[in-house]
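The structure under discussion appears below in the form of structure tokens.
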Amino acid sequence: MPNLTIGLVLPDVLGTYGDDGNALVLRERARRRGINAEIRRIMLSDEVPADCDVYTLGGGEDSAQIIAAARLAASPGLQAAAAAGRPIFAVCAGMQILGHTFHAGGSECQGLSLIDVSTHPSPTRSIGELASVPTRAGVTRALTEPLTGFENHLGATTLGADASALGKVTRGVGNGGDASGSGDAVEGVVQGSIIATYMHGPALARNPQLADLLLAQALGVELAELEPLEIPVIDRLRMERLGAK
């Protein structure tokens, strides 16, 4: 039986919006396939390990975001994991921290520069249902299903040349700027082994194909090689959220 370690990064400061649930979804979907999966909670006082099979980061408020960025810079296990190609899934504040700069507490702060993005304040809060069609860029090439989540952010994230969007927005705001060059609103970031998004929900509960893609990457297999899971309640949740007004 394969073993899988899911690194839940700084849940004590990046756990404001229930994004810890993404790690729980990965563990449950792995276990239902007979995979021995465990969550390693990496707290603020811990050194960040570089040897987890997959990592998740959640959202948080400004003060938590500043604390998290400083800690991750001082304990660079996540940077080593990214360099080794280990999958990393980051949501909202977690996504902003992985970029070059973000704004918190009225100041511009330095991120980890793991993804080629910068985030600046938006004049209005983006809040509500968010849906997109996957771009299938980079490691997300196998995604075929619409993506759904709930956005709640004051940041506008601009993608640089090395980053690609996760999805093209069909509902909501997304990153808050035209990063595609085509005039289309886009959402999220894909770069190397990192997938990042503004989708709360938790995102992986609302997007099982995306969850399985991360599991496949962690296991070193193609998405199509994973045994399908039939969970009717998840299908009903997706249909309800995709149809929400």
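The values are calculated or read from the model by the stated rules, or taken from the named source; none is laboratory data. Fair warning: this is a prediction, and the values are worked out from it, not measured in the lab. Reconstructed Cβ throughout: ideal geometry from the backbone, glycine too, with neighbour counts over all protein chains shown. The accessibility values were calculated without ligands, DNA or RNA, using every heavy atom of the protein model including side chains. Shrake-Rupley method; radii C 1.70, N 1.55, O 1.52, S 1.80 Å.
Given the conditions (1) touching a Ser or Thr at 6+ places or on another chain (Cβ under 9 Å); (2) among the aliphatic types (A, V, I, L, M); (3) surrounded by 15 or more Cβ atoms within 10 Å (Cβ to Cβ); (4) free of Cβ contacts under 8 Å to residues at least 60 places away in the same chain, report the number of the one that ALA84 does not fulfil.
Here ALA84 meets the rest and fails (3).
Exactly one condition in (1) touching a residue at least 12 places away in the same chain (Cβ under 8 Å); (2) in a helix (DSSP H, G or I) is not met by ASP235; state its number.
(1)
Which is assigned to a helix (DSSP H, G or I) and open to solvent by 70 Å² or more (accessible area, probe 1.4 Å), of SER45, SER63?
After applying the criteria, what remains is SER63.
Being in contact with a Gly (Cβ under 9 Å, 6 or more places away or on another chain) and closer than 24 Å to ALA37 by Cα is the requirement here; does HIS200 meet it?
In short, yes.
If you go through the range 129-166 one residue at a time, how many are open to solvent by 10 Å² or more (accessible area, probe 1.4 Å), assigned to a strand (DSSP E or B) and charged (D, E, K, R)?
Summing the residues that are open to solvent by 10 Å² or more (accessible area, probe 1.4 Å), assigned to a strand (DSSP E or B) and charged (D, E, K, R) in the range 129-166 gives 1.
Can you tell me which residue among GLY243, GLY201 is open to solvent by less than 60 Å² (accessible area, probe 1.4 Å) and free of Cβ contacts under 8 Å to residues at least 24 places away in the same chain?
Working: GLY201 fails: free of Cβ contacts under 8 Å to residues at least 24 places away in the same chain.
It is GLY243.
Restricting to the range 1-41, name every residue that is touching a residue at least 60 places away in the same chain (Cβ under 8 Å) and more than 16 Å from the chain's Cα centre (by Cα).
Scanning the range 1-41 gives PRO2, LEU4, ARG29, ALA30, ARG32, ARG33, ILE35.
Restricted to the range 106-118, and to residues that are in a loop (DSSP other than H, G, I, E, B) and open to solvent by 60 Å² or more (accessible area, probe 1.4 Å), which residue is farthest from GLY60 (Cα to Cα)?
Result: SER113.
Go through the range 207-245 and give me each residue that's out of contact with any Asp or Glu (no Cβ under 7 Å at 6 or more places or on another chain), within 25 Å of ALA93 (Cα to Cα), modelled with pLDDT of 95 or more and not aliphatic (A, V, I, L, M).
Those that are out of contact with any Asp or Glu (no Cβ under 7 Å at 6 or more places or on another chain), within 25 Å of ALA93 (Cα to Cα), modelled with pLDDT of 95 or more and not aliphatic (A, V, I, L, M): ASN207, PRO208, ASP212, GLN217.
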